[in-house]
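What follows is a short report on a single structure.
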Ligand SMILES: Cc1cc2nc3c(=O)[nH]c(=O)nc-3n(C[C@H](O)[C@H](O)[C@H](O)COP(=O)(O)O)c2cc1C
Ligand code: SF4
Ligand code: FES
């Protein structure tokens, strides 16, 4: 993995050797986009947080990793925790923050002791705390906060609600966290992996980062690969790689479909395996689930819908009411008694959910249903296996 | 609940509120600690916490009910959470589930009468390359097979009776 090749501390040293504006410029030149899934330009988010008025600013690391099929953040936190904290410290330099928070999902509680130990060592080595690395007035420290079992808390405004001791219900945006974030203060929320890449970029330069990837999706990304393949695990690969190339890498050449981006992502059928995995084509936070020739795609769609129904915060109608209707539809298809007319109705309901839901959960909940209905009609219509 | 027990819980909660701060943003910390120590957050505990933080008990309840790792009803000393999401499903989680039910004599969502085990579903645990996966309290087990279930439960039973569980919680006396 690239992260293993970076000299510890080189990124922070480089950040402290230049004015904050240059740190931002370097990240900007690299084209780094958020590794959590949405792909928002990291330099722009940091610049807005830097410009936002307020003397108490926060850097938050989103370690809620709840997207089905994603586990690369767990691996980064386990093997490269120092890099994540170094990246958060670089963000603090860039935006002028003194406080950092890692929001760690409850399911990863077993990582907490390790993270606290690494933080303590960084404090002892003057990499956190007051006058960091001997720079007068540069104070920054990081706390770990635990989640309590909720996927939607990975959405950045829900995450902030949760940190404030509330139910994890997404807020209306705007205002954005960069202006009104944690306790009303300017806040940048970034994915675990985004911070680690920021370190690499400061250490090795923007051109080094850009040498791989595509024009709009620069650099490498970590992929979490699971399902029907011979070599599941975490892969460090350039963005823009085609689904077919990725499958060859992981030993899943005979797949009939691949889920890119988790339950919130897209289900890519075999005929589209030449498409590229990149923000401009098939975007992803890194979850790749391979479905072999024998898999029942209806079972896949059902599993994802059950996930969304279980995790919806219930705040808005399209998501709360829509997802159970789609699940009913899947059960009808399974029994073999869904008419084409009704299926079309369900598809337009799915499209309404995509448009009218308040947050990404409801907006993406119908996507696998829609792509399975679109791409696997022969497999799902006219079933006779039911009761 | 006996009066002395109530008083003891009240003092304990007051101490937690002092430790984490009398702010709304301390609420989750406090609730997580109560859950860890008492295996649930009782109505009475919610009321006391609300009083101490000067918020309405309904607000505390609405937070507790939102999060799947916070419970109003007493959970077992060992909470087993089996992942039901897609890759673990494809890796055979149904068989593991059945064997867990067989060996514990309870269904998902239930707690054994002796209060030792609760059985629950979880969504993706971030172990998808090594499914089926389950959590026993904070500890993760991967590539679980029906055959391995017995050993996992035995390991818990052996921890029971000594002074600390696998994640360092004090046992009830
Ligand atoms: C339902 C939902 C769940 C999310 N879960 C996560 C998550 O677990 N981790 C994450 O980094 N981003 C998650 N996001 C995206 C965040 O809202 C946010 O875009 C991200 O943390 C920004 O970081 P980045 O720009 O570095 O990618 C989620 C979004 C939604 C709508
Ligand atoms: S879309 Fe779903 S999860 Fe998002 S705010 Fe609405 S109800 Fe909550
Ligand atoms: S699907 Fe079970 S751990 Fe991810």
Practice prompt. Report whether or not residue B:119 is closer than 27 Å to residue A:223 by Cβ and either within 16 Å of ligand 1 (Cβ to nearest atom) or assigned to a strand (DSSP E or B) (or both).
Written response: no
Checked the range A:160-171 for anything in contact (Cβ under 8 Å) with a residue 40 or more places away in the chain and either over 19 Å from residue A:307 (Cα atoms) or in the same structural domain as residue A:358 (by TED's automatic domain parsing) (or both); matches are A:160, A:162, A:163
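For the range B:75-82, check the following and say yes or no: at least one residue is out of contact with any strand residue (DSSP E or B) (no Cβ under 9 Å at 6 or more places or on another chain) and over 16 Å from residue B:152 (Cβ atoms).
Filtering the range B:75-82 down to residues out of contact with any strand residue (DSSP E or B) (no Cβ under 9 Å at 6 or more places or on another chain) leaves none.
No, the range B:75-82 contains no residue that is out of contact with any strand residue (DSSP E or B) (no Cβ under 9 Å at 6 or more places or on another chain) and over 16 Å from residue B:152 (Cβ atoms).
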Of (1) modelled with pLDDT of 95 or more; (2) within 16 Å of ligand 2 (Cβ to nearest atom), residue A:174 satisfies every one except (1)
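So for the range A:19-29 (the condition being over 14 Å from the mean Cα position of the chain (by Cα), over 26 Å from residue A:280 (Cβ atoms), touching a residue at least 60 places away in the same chain (Cβ under 8 Å) and in the same structural domain as residue A:159 (by TED's automatic domain parsing)), does at least one residue qualify?
Here is the first cut: in the range A:19-29, the residues over 14 Å from the mean Cα position of the chain (by Cα) are A:19-29.
So of that shortlist, the ones also over 26 Å from residue A:280 (Cβ atoms) come out as A:19-23.
Filter once more, keeping what is touching a residue at least 60 places away in the same chain (Cβ under 8 Å): A:20, A:23.
If we keep only those that are in the same structural domain as residue A:159 (by TED's automatic domain parsing) as well, we get A:20, A:23.
Among the residues of the range A:19-29, at least one is over 14 Å from the mean Cα position of the chain (by Cα), over 26 Å from residue A:280 (Cβ atoms), touching a residue at least 60 places away in the same chain (Cβ under 8 Å) and in the same structural domain as residue A:159 (by TED's automatic domain parsing), which makes the answer yes.
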Only one of A:286, A:329 is within 12 Å of chain B (Cβ to nearest Cβ) and either touching a strand residue (DSSP E or B) at 6+ places or on another chain (Cβ under 7 Å) or more than 16 Å from ligand 3 (Cβ to nearest atom) (or both), namely A:286
Of the residues in the range A:123-144, those that are surrounded by 20 or more Cβ atoms within 10 Å (Cβ to Cβ) and either in a helix (DSSP H, G or I) or within 16 Å of ligand 3 (Cβ to nearest atom) (or both) number 1
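Residue-by-condition table, conditions (1) more than 30 Å from residue A:228 (Cα to Cα); (2) within 12 Å of another protein chain (Cβ to nearest Cβ); (3) buried (at least 21 other Cβ atoms within 10 Å of the Cβ):
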residue	(1), (2), (3)
B:15	yes, no, no
B:19	yes, no, no
B:23	yes, yes, no
B:51	yes, no, no
B:86	no, yes, yes
B:101	no, no, no
Check: If you check residue A:35 against the conditions, is it within 19 Å of residue A:285 (Cβ to Cβ) and more than 16 Å from ligand 3 (Cβ to nearest atom)?
Finding: yes
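Quick one: in the range A:45-68, of everything that is touching a residue at least 12 places away in the same chain (Cβ under 8 Å) and in a helix (DSSP H, G or I), which residue is nearest to ligand 2 (Cβ to nearest atom)?
This residue is A:45.
Mind checking which residues of the range A:305-339 are assigned to a helix (DSSP H, G or I) and either over 30 Å from residue B:63 (Cβ atoms) or touching a residue at least 60 places away in the same chain (Cβ under 8 Å) (or both)? Steps first, please.
Our first condition is that a residue be assigned to a helix (DSSP H, G or I); within the range A:305-339, this holds for A:305-311, A:317-335.
Hits for the range A:305-339 are A:305, A:307, A:311, A:328, A:329, A:330, A:331, A:332, A:333, A:334, A:335.
Being within 23 Å of residue A:263 (Cβ to Cβ) and in contact with a helix residue (DSSP H, G or I) (Cβ under 7 Å, 6 or more places away or on another chain) is the filter here; which residues of the range A:202-222 pass it? Before you say what the answer is, go through the steps one by one.
Filtering the range A:202-222 for residues within 23 Å of residue A:263 (Cβ to Cβ) gives A:217, A:221-222.
The one that is within 23 Å of residue A:263 (Cβ to Cβ) and in contact with a helix residue (DSSP H, G or I) (Cβ under 7 Å, 6 or more places away or on another chain): A:222.
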Q) Is at least one residue of the range B:57-70 more than 10 Å from chain A (Cβ to nearest Cβ), at pLDDT 95 or above and either in contact with a strand residue (DSSP E or B) (Cβ under 6 Å, 6 or more places away or on another chain) or outside any helix (DSSP H, G or I) (or both)? A) no
Please work out if residue B:141 is surrounded by fewer than 23 Cβ atoms within 10 Å (Cβ to Cβ) and within 14 Å of chain A (Cβ to nearest Cβ). yes
The residue from B:91, B:122, B:133 that alone is more than 19 Å from the chain's Cα centre (by Cα), within 11 Å of chain A (Cβ to nearest Cβ) and either within 16 Å of ligand 3 (Cβ to nearest atom) or surrounded by fewer than 15 Cβ atoms within 10 Å (Cβ to Cβ) (or both) is B:91
So, first residue over 25 Å from residue A:20 (Cβ atoms) in the range A:69-91, second residue within 16 Å of ligand 2 (Cβ to nearest atom), Cβ within less than 7 Å, six or more apart or across chains; the pairs are A:69/A:262; A:70/A:262
Within the range A:145-173, of all residues that are more than 19 Å from the chain's Cα centre (by Cα) and surrounded by fewer than 20 Cβ atoms within 10 Å (Cβ to Cβ), the one farthest from the other protein chains (Cβ to nearest Cβ) is A:172
Among the residues of the range A:250-259, the number that are over 15 Å from residue B:85 (Cα atoms) and within 19 Å of the chain's Cα centre (by Cα) is 1
Quiz item: Just to be sure, is residue A:96 more than 28 Å from residue B:140 (Cα to Cα) and more than 18 Å from the chain's Cα centre (by Cα)?
Solution: yes
Open item on the list: Considering only the range A:369-381, I want to know if a residue exists there that is out of contact with any helix residue (DSSP H, G or I) (no Cβ under 6 Å at 6 or more places or on another chain), away from ligand 2 (no atom under 13 Å from the Cβ) and outside any helix (DSSP H, G or I).
Closed with: yes
Listed by first then second residue, the pairs whose first member lies in the range A:128-143 and is farther than 14 Å from residue A:100 by Cβ, whose partner is assigned to a helix (DSSP H, G or I), with beta carbons under 8 Å and at least 6 positions apart or on separate chains, are A:133/A:12; A:133/A:13; A:133/A:16; A:135/A:16
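The values are calculated or read from the model by the stated rules, or taken from the named source; none is laboratory data. Please read all numbers here as calculations on a predicted model, not as lab measurements. All Cβ positions, glycine included, derive from the backbone under ideal geometry; neighbour counts span all protein chains shown.
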